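Student: For reference, the structure I am asking about is given below.
The values are calculated or read from the model by the stated rules, or taken from the named source; none is laboratory data. This structure is a prediction, so every number in the text was calculated from the model and none was measured. We place every Cβ from the backbone using ideal geometry, glycine too, and count neighbours over all the protein chains shown.
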Amino acid sequence: MSKGNINVAVIGASGYTGQELLRLLVMHPDVNLAAVTSRKEAGRPLTDIYPRLRNAKGIEGLTFSMPEVELLVAAGVETAFLALPHGVASEYAIALLEKGIRVIDLSADFRLRSSAVYEEFYGAAHPAPHLLDEAVYGLPEVYREEIRKAKLVASPGCYPTSILVPLVPLLKAGLVSPEGISVSSLSGSSGAGKKADLSLLFPEVNESLRAYGAPKHRHLSEIEQEMSIASGKETRISFVPHLMPITAGIASTIFCNPVAGLSTAQVEETFRDFYVDSPFVRVLGEGVFPDTKNVVRTNFVDIGWVFDKRTEKLILCSAEDNLGKGAGGQAIQSLNVMHGLEESTGLMNF
């Protein structure tokens, strides 16, 4: 049963990101969910796996299928979301693009412009280096016009989104130095994906907080790439992620060196000018610290800041949902841009 006029598929729809994509897509007024795939759940009704979607319009009788490209072509899919592990997603991207299906990839396979950097951070040769020049980094607030025409969109990671949204406008304007930047980020446990891992069991995570992935978390590669583009010079930062005992949400704190004489009015004006047409960036102002409870289950990212006069640092703070603006919501935001819809269509949920 068709609900909208854009036929989409979610490939790898049984993970946390796939689940969030489905939740948002069934509410999207212009989307018809034509296919959902999962090797593990193939043949099972969608609502058996996700009972919360029962009675959602447009998915009556929809079942999980095997991730076979010919089945997606037969279903009339126009745009496919890849919610697959890195290294696996590229295989499907190649085949889908050859069939004229536009791709929004939520893995890391096409986020980096350099195959050498990919190999350095992901430990394997890039599986499709010929597509790196074609891929568009899917941060709509920065690459909106490129996304509009793209056939292949590489949706950013959750940590990079929380860090780049506050930093890019200031780096582009030359208001902070690209040198000496440090970031501390905290994420809910869903960011690790749906997998059997002793360290992620409830008794191990609950009532505890720990750092991990330092000093070279994989997301550091795309963070530094986009910061270097924004600043116009090669940029390196110190980044330490932490695991929080919550399901979803990211809070990032960024320490940077402002140019001499930078005022809070300049910071606010820069943010508001840069994001004037960006419905999902909420500029909170100086001295207001974002709270994850205000962004979870939404596509918003909230940013605030404070000057530390004792150390001459500008401290930027952000909060987002790692499954929303950091994954599924942002991917649908790109879908809207690609298909000429209002950017906020189907996403303005509070």
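Student: Taking the stretch 106-126 as the search range and keeping residues that are free of Cβ contacts under 8 Å to residues at least 60 places away in the same chain and buried (at least 18 other Cβ atoms within 10 Å of the Cβ), which one is nearest to residue 12 (Cα to Cα)?
Tutor: 107
Student: Are any of the residues in the stretch 165-188 in contact with a strand residue (DSSP E or B) (Cβ under 9 Å, 6 or more places away or on another chain) and at pLDDT below 85?
Tutor: no
Student: Taking the stretch 247-274 only, how many residues are within 25 Å of residue 345 (Cβ to Cβ) and crowded, with 19+ Cβ neighbours inside 10 Å?
Tutor: 5
Student: Still on this structure: Need a quick list: helices (runs of 4 or more DSSP H) entirely within the stretch 10-97 having at least 2 residues that are surrounded by 16 or more Cβ atoms within 10 Å (Cβ to Cβ), among the polar types (S, T, N, Q) and at negative phi.
Tutor: Output list reads 16-25.
Student: For the subset of the stretch 129-138 comprising residues that are within 21 Å of the chain's Cα centre (by Cα) and under 18 Å from residue 82 (Cα atoms), which member is surrounded by the most Cβ atoms within 10 Å (Cβ to Cβ)?
Tutor: 138
Student: Write out, first by first residue and then by second, each pair whose Cβ atoms fall under 6 Å of each other, whose residues are 6+ apart or on separate chains, and whose first residue, in the stretch 224-244, is without any contact (Cβ under 8 Å) to a residue 60 or more places away in the chain and in the same structural domain as residue 184 (by TED's automatic domain parsing) while the second is part of a strand (DSSP E or B) and not β-branched (Val, Ile, Thr).
Tutor: 238/182; 240/184; 240/211; 242/186; 242/211; 243/210; 244/186
Student: Can you spot a residue in the stretch 265-278 that is out of contact with any Ser or Thr (no Cβ under 9 Å at 6 or more places or on another chain), of a type outside the set (S, T, N, Q), farther than 23 Å from residue 148 by Cβ and in a strand (DSSP E or B)?
Tutor: So far as the stretch 265-278 goes, no, none of its residues is out of contact with any Ser or Thr (no Cβ under 9 Å at 6 or more places or on another chain), of a type outside the set (S, T, N, Q), farther than 23 Å from residue 148 by Cβ and in a strand (DSSP E or B).
Student: Residue 342 - would you say it is out of contact with any Pro (no Cβ under 7 Å at 6 or more places or on another chain), among the acidic types (Asp, Glu), at negative phi and surrounded by 20 or more Cβ atoms within 10 Å (Cβ to Cβ)?
Tutor: No.
Student: Quick one: residue 190 ticks every box in (1) more than 19 Å from residue 251 (Cα to Cα); (2) outside any strand (DSSP E or B) bar one, so which box is it?
Tutor: (1)
Student: Output the qualifying pairs, or none if there are none: Cβ atoms under 9 angstrom, residues six or more apart or on different chains, first residue in the stretch 162-190 and within 19 Å of residue 241 (Cβ to Cβ), second residue at pLDDT 95 or above and of a type in the set (Lys, Arg).
Tutor: From residues that are within 19 Å of residue 241 (Cβ to Cβ), the pairs are 162/325; 165/325; 181/236.
Student: Let me ask something else about it. In the stretch 195-222, what residues are of a type in the set (Asp, Glu), within 25 Å of residue 123 (Cβ to Cβ) and either at pLDDT 80 or above or touching a helix residue (DSSP H, G or I) at 6+ places or on another chain (Cβ under 8 Å) (or both)?
Tutor: Within the stretch 195-222, 222 is the sole residue that qualifies.
Student: What tally of residues in the stretch 279-303 results from selecting those that are of a type in the set (Asp, Glu) and assigned to a loop (DSSP other than H, G, I, E, B)?
Tutor: Residues that pass the stated criteria total 1.
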